[in-house]
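Undergrad: Okay, handing you the structure first.
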Amino acid sequence: MKVDDSVPQPFSPALPRLNSDPAPSLLGMHATFVLCGLGTMLLGPILPVLAVQWQLQDSQLGLLLMAQFVGATIGGMTISPRLERDLKIGLATAFAGLFAFANAPSLLWACPALLVGGFGVGRTITAINIIAGDRFTTNRGSALSRLNSTWSFGALLSPLLAAWLLPHFALRNLLMVFAGCFLLCGLQLLSSHDDVSAMSAKAAAEPPLPGRLFVSFGALIFLYGGIETCLSGWLTTYALRYGKTSLVLSEYTLVLLLGGFVVGRALASWLLLKMADTTLQRIAIILSVVLIGALALAHQAVLIAVIAVLLGITLAPIFPVTFAILMSYRPPARAAGTVLAASGLGAAGLSWLMGVISTGTNSLQLALALPVAAAFAMLLMTAFPSGTRSKTT
């Protein structure tokens with residue numbers, strides 16, 4: 001159902017605007033989201049390399065994914081109304097964690113480093129999504145889809161750069177350069193104005209998000225984060241094992257998935273000007289259930305590649321549309337951040353559990369039943385809307 005603009009909003013005021021000349025700029029948000037996309041998808045393309053380097057099983061590789069996304073969850077849950085300050089903190093901790101991960105000698109040191117790096121990336125993503133969700137009140141879903149398509153482009157670069165650069169450069173050196181990009185971005189933001197007093201005063205007047213909506217959106221975002229990471233984190237390994245192809249070509253399978261995300265979010269930005277956000281959300285979830293099931297049955301590299309592209313396109317609209325619907329209820333920054341952080345919690349828990357199932361059953365194909373079940377659960381949840389959606393703008 002489309003939002004009825006003629007009916008007054010039950011919750012106000014909106015999240016505080018930063019200032020009359022807001023920072024970060026739109027260009028700055030897009031540039032930062034490229035880095036965040038790279039950081040979020042960092043592990044997927046290099047898991048096979050780390051497995052050989054440190055002699056790790058799937059269940060141990062899952063610990064790396066879990067550490068990264070537990071950190072992202074904490075980063076999102078601890079967001080405050082002082083969004084510019086939190087953005088700077090996020091960029092600084094992303095640099096520190098990734099730098100430590102680059103120099104980690106083993107799994108024991110890599111996990112806490114990824115926890116810190118994940119905290120920074122998660123805090124940065126949360127701050128920017130809330131800033132954008134508040135700033136772009138007209139066609140919010142379309143605007144968030146455009147912004148998140150930039151994130152998808154950054155995510156797309158992750159396996160591409162891995163495939164191009166790892167044969168020629170040490171992984172440690174590449175990770176240190178990447179960490180430095182977060183530092184440079186943070187230094188650029190240090191000169192921006194942060195109207196802390198005005199933001200804090202407005203935040204004090206914000207009403208809480210109703211518990212039913214908080215739980216509903218939190219569960220949806222939790223499941224989506226788990227689905228996306230189960231696929232992006234394990235797809236390279238899956239294609240390598242079942243597609244019977246080389247490491248470089250299996251990394252390109254992840255490129256196809258993420259390329260589908262870029263196309264899908266650009267397409268969603270246009271579709272949301274033509275159709276209801278909830279309709280697009282449900283169509284995307286239905287197609288995702290079907291395609292993840294098809295991936296679990298695929299045994300050929302070409303078929304896995306085709307399904308990967310289609311999966312990227314169908315999964316792409318789910319997050320920005322769901323978050324845009326949440327932002328239409330004008331939640332406080334902390335509530336919106338906590339809901340968004342559930343994505344990291346789902347990513348950590350479900351991706352780790354998928355590794356455990358794979359090790360226990362000796363089949364990564366059987367482990368794909370987990371994201372299939374998660375997508376089906378999302379479909380059931382969206383079939384029963386809260387009933388209060390039409391009362392908001």
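Any read-out appearing in this document is the output of simple, stated calculations on the displayed coordinates, not a laboratory observation. Keep in mind the model is a prediction, meaning the values are calculated, not measured. Cβ atoms come from the backbone with ideal geometry, glycine included; neighbour counts cover every protein chain shown.
Undergrad: If you plug each phi of the range 41-58 into the Karplus form 6.51 cos²θ - 1.76 cosθ + 1.60 with θ = phi - 60°, what whole-Hz ³J(HN,Hα) values come out, in order, with x for Gly and Pro?
TA: 8, 4, 6, x, x, 9, 4, x, 5, 5, 4, 6, 5, 10, 6, 10, 8, 4
Undergrad: Next up: Under a 10 Å cutoff between Cα atoms, tell me which one of Ala72, Ala268, Ala276 has the largest fluctuation in the Gaussian network model of the chain.
TA: Of the options given, Ala276 has the highest mean-square fluctuation.
Undergrad: On to the next question. Pop out the Kirkwood hydrodynamic radius of the chain from its pairwise C-alpha distances, inverse of mean 1/r, in Å to one decimal. Intermediate values should be presented prior to the final figure.
TA: Details: mean 1/r = 0.0482 Å⁻¹.
After inverting the pairwise mean of 1/r, the radius is 20.8 Å.
Undergrad: Calculated FRET efficiency, Leu171 and Ala373, Cβ-Cβ r, R0 45 Å, to nearest 0.05? Don't skip to the answer; put the middle values down first.
TA: Working: r = 34 Å, r/R0 = 0.75.
For Leu171 and Ala373, the calculated efficiency is 0.85.
Undergrad: Which of Val70, Val34 has the fewest other C-beta atoms within 10 Å, and how do the rest follow up to the most?
TA: By the 10 Å Cβ count, ascending, the order reads Val34, Val70.
Undergrad: Something else about it: Would you kindly derive the ³J(HN,Hα) couplings of the range 286-291 from the backbone phi angles with the Karplus curve 6.51 cos²θ - 1.76 cosθ + 1.60 (θ = phi - 60°), listing them in order in whole Hz, with x for Gly and Pro?
TA: 4, 5, 5, 4, 5, 6
Undergrad: Using θ = phi - 60° and the Karplus form 6.51 cos²θ - 1.76 cosθ + 1.60, what ³J(HN,Hα) does each residue of the range 255-270 get, whole Hz, x for Gly and Pro?
TA: Here the 3J(HN,Hα) series is 4, 5, 4, 6, x, x, 4, 4, 5, x, 6, 5, 5, 5, 4, 6 Hz.
Undergrad: Express in whole angstrom the spacing between the alpha-carbon centres of the range 235-294 and the range 69-147.
TA: Between the Cα centres of the range 235-294 and the range 69-147 lies a distance of 23 Å.
Undergrad: Another question, then. Neighbouring Cβ atoms within 10 Å as the yardstick, rank Trp234, Trp164 fewest first. All intermediate terms of the calculation are to be shown ahead of the outcome.
TA: Values: Trp234 26, Trp164 13.
So the ranking, lowest neighbour count to highest, is Trp164, Trp234.
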